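Following: one structure in structure tokens, then a few remarks.
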Amino acid sequence: MASAASTAPGADDGGRRKPRLAASLQMSPRRPSASRGQEPWEPLPAPGMEDSEGGGQALASAAGDGLAGDLPKVARQLGLQLKDLPPGQAVALLTQYAASVGVSLIFREDQTAGPCFPFSVCAELDGVACPAGIANSKKEAKQQAALSALNYIQSQLENPESPKTHSRPPVGDLSVENILTHEQRCAAVVSAGFDRLVNETSPYRACKGTVAAVILEREVPGARSHTKEIYELVALGTGSSSCAGWLEFSGRQLHDCHGLVVARRALLRFLYRQLLLATQGGPKGREQSVLTPQPGSGFPFALKPQIFIHFYISNTPKGAAHDIYLPPRWSSESSVLHSTPFRLQAHVRGELKPVCYMPPTIRDTHVGCLSASDKLSRWTVLGLGGALLAHFLPPLYATSLVLADPCHDPPTLSSAIHTRPSLDRALGSCLPPPYTRTTLHLFSGPPVAPLNPTSNTCRDLSLNWSLGDPDVEVVDVTTGRVRADAVRGPPSRLCKAAFLRAFRQAAQALGKSHLLALKTYEEAKAGPYQEARQQLSLLLEQQGLGAWPSKPLVGKFRN
């Protein structure tokens with residue numbers, strides 16, 4: 001006889017763990033409950049937990065300080081929980097563990113128990129049996145079974161290579177990808193990647209406080225027909241400001257140096273590299289690239305199936321998402337969206353202000369960058385690739401965003417990203433295909449930097465890196481160029497001119513002569529993407545949210 005204690009979210013009737021996060025993700029944004037004292041990265045209690053007061057904290061929360069990949073630390077955390085575990089709470093802790101890992105949990109009773117201890121119960125995780133618990137009552141035997149399972153899991157975590165001391169097979173996949181949640185895995189990948197690039201003695205260590213990154217998740221077959229997710233850091237950026245000087249018209253000035261925007265530009269650099277790998281790398285390059293050729297006359301390449309894009313950011317995006325605007329309960333959605341905090345805002349001369357307040361004399365002569373909230377909103381509609389990559393790839397949409405700022409307001413963040421502008425067809429929305437609004441799944445995640453940094457040496461600096469780069473590039477935000485001892489450093493590898501050069505290299509590799517005929521940056525931007533952007537800008541203006549600034553003179557340069 002089998003009694004199901006609970007079934008972890010993401011497991012079907014056959015015990016097969018579904019992918020924790022995929023394009024069809026149906027999780028809703030959640031906030032930690034202050035009454036329970038949960039940290040933002042701790043999973044909620046599993047449904048059906050027998051006792052809601054004990055249960056311990058989630059095992060994966062041991063990684064909340066940036067050491068998410070440290071299995072011994074997770075084991076130590078579990079050991080402390082087991083040491084101080086109140087009587088009768090083993091079942092609740094094991095249930096929560098199963099929920100955080102994403103496996104099914106079933107307690108099975110052995111009907112052939114001996115006369116001295118008439119009740120024998122064993123816990124099964126994903127169909128794999130753990131050592132049994134034996135007692136005089138069924139309830140006590142179940143508690144002993146849960147405790148035995150937890151101790152066995154801890155021993156496997158502490159020494160996964162040790163000889164097996166039990167005749168039963170080991171408990172499933174006890175690797176990092178099954179112990180940590182999606183938010184923690186993203187944070188762990190970002191933290192480890194930053195530490196690998198910027199060591200503790202580096203003068204740029206304090207830049208970790210503003211780090212943002214792009215992570216690729218790949219679904220690959222795992223053991224016992226399960227799906228395994230592999231997370232890989234592909235782009236990284238830091239920074240908290242933008243260039244406040246005069247406009248340059250050479251395309252060699254990096255304007256926006258906020259971490260999220262820099263990480264997205266580093267992603268573009270990575271994608272151009274992947275295009276060349278797929279076209280010039282031979283069979284091995286095509287296998288290694290995240291892009292795959294497409295037949296027909298449409299986009300020549302597309303992202304390979306079962307690959308998903310995720311953002312990790314340390315700070316709440318500036319602009320609408322940063323303004324915690326709490327309208328009266330009787331306010332309509334229309335009045336909220338038309339309010340000042342939800343209008344487009346731009347950084348200009350060191351200030352963030354609504355674009356409608358920018359006089360033309362300032363807008364046309366100084367660097368002006370729309371807020372990160374506004375850009376996130378645009379990326380959910382137009383994709384991450386931009387106008388130049390749109391000649392080669394269909395729109396690339398991010399699946400999730402992990403925000404490590406505990407002070408953000410999730411409803412405001414979601415509204416700022418997903419409701420501006422309204423794309424109701426009754427209001428005249430006619431975006432050209434394949435452009436459409438997508439949903440960015442929002443998560444609260446653990447920070448990867450100290451909560452109280454002691455250094456402010458990186459205030460006017462921005463770091464960037466993409467997979468394939470040997471080292472980070474350090475940009476002086478005040479000039480928009482690479483930091484150098486000289487007054488004027490070289491242009492950044494993420495500037496417009498660098499992307500126009502990468503665009504021409506990709507066009508040449510693909511034999512696209514009509515693209516090579518486009519001489520200037522502005523000419524190269526022409527196409528369906530630009531039409532969709534213009535339509536989006538028109539909707540923003542019609543709905544009272546402000547006009548998207550356009551600076552055609554900035555794009556008149558050529559390589």
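Subtract the Cα-Cα distance of Gln508 and Ala486 from 0.36 nm times their separation in residues, and report this length gain in nm to one decimal. Walk me through the intermediate numbers first.
Details: separation 22, 0.36 × 22 = 7.92 nm, distance 3.50 nm.
Between Gln508 and Ala486, full extension yields 4.4 nm more.
Checking a compactness column here: for the range 353-502, what do you get for Rg(Cα) / (2.2 N^0.38 Å), N being the number of residues? Could you put the intermediate results ahead of the total?
Values: Rg = 18.6 Å, N = 150, 2.2 N^0.38 = 14.8 Å.
After normalising by residue count via 2.2 N^0.38 Å, the value is 1.26.
Charge tally around Leu277: other residues with Cβ under 12 Å, Lys/Arg +1 each, Asp/Glu -1 each, net +2.
Near Arg558, within a Cβ-to-Cβ distance under 12 Å, what is the net charge of the other residues, with Lys and Arg +1 and Asp and Glu -1?
Surrounding charge for Arg558 is +3.
Under Stokes-Einstein, with the Kirkwood radius over Cα pairs as Rh, the value for the range 465-559 at 4 °C and 1.567 mPa s is 81 µm²/s. Which FRET efficiency value, to the nearest 0.05, is calculated for Arg196 and Ser297 with the Förster distance at 35 angstrom and r the Cβ-Cβ distance? Calculated transfer efficiency: 0.25.
For the range 364-428, taking the reciprocal of the average inverse distance between every pair of different Cα atoms yields a Kirkwood hydrodynamic radius of 14.0 Å.
Can you tell me the length gained on complete extension of the stretch Arg363 to Glu287, counting 0.36 nm per residue apart and subtracting the Cα distance?
Numbers: separation 76, 0.36 × 76 = 27.36 nm, distance 4.60 nm.
Full-extension gain reported as 22.8 nm.
On the principal axes of its alpha carbon atoms, the range 176-310 extends 53, 44, 21 Å, with the longest extent given first.
Packing-based ranking of 276-289, 132-145, 201-214, 233-246 yields 233-246, 201-214, 132-145, 276-289, ordered from highest to lowest mean Cβ neighbour count within 10 Å. Taking only the alpha-carbon positions of the range 189-240 and ignoring solvent, what does the Debye formula give for the base-10 log of I(q)/I(0) at q = 0.13 Å⁻¹? Results for the range 189-240 at q = 0.13 Å⁻¹ read -0.42.
Peptides 486-496, 305-315, ordered by how many other C-beta atoms sit within 10 Å of their residues on average, highest first, read 305-315, 486-496. Measuring against 29 Å, Cα to Cα, the residue pairs Lys304/Lys496; Lys519/Lys551; Lys318/Lys519 contain Lys318/Lys519 as the ones spanning a longer distance.
Taking a quarter of the surface of the convex hull around the Cα atoms of the range 241-295, what do you get in nm²? Show your work: numbers first, answer last.
On the way: hull surface 22.4 nm².
Value for the range 241-295: 5.6 nm².
Here the gap between Phe249 and Glu232, fully extended at 0.36 nm per residue and compared with their Cα-Cα distance, gives a gain of 2.5 nm. The label-point distance for Cys356 and Thr439, in a model that sets each label 7 Å from Cα toward Cβ, rounds to 3.1 nm.
Each value in this text was obtained by applying a stated rule to the coordinates, not by laboratory testing. Note that the structure is predicted; figures quoted are calculated from it, not measured. With ideal geometry, Cβ positions are generated from the backbone for all residues, glycine too; neighbour counts draw on all protein chains shown.
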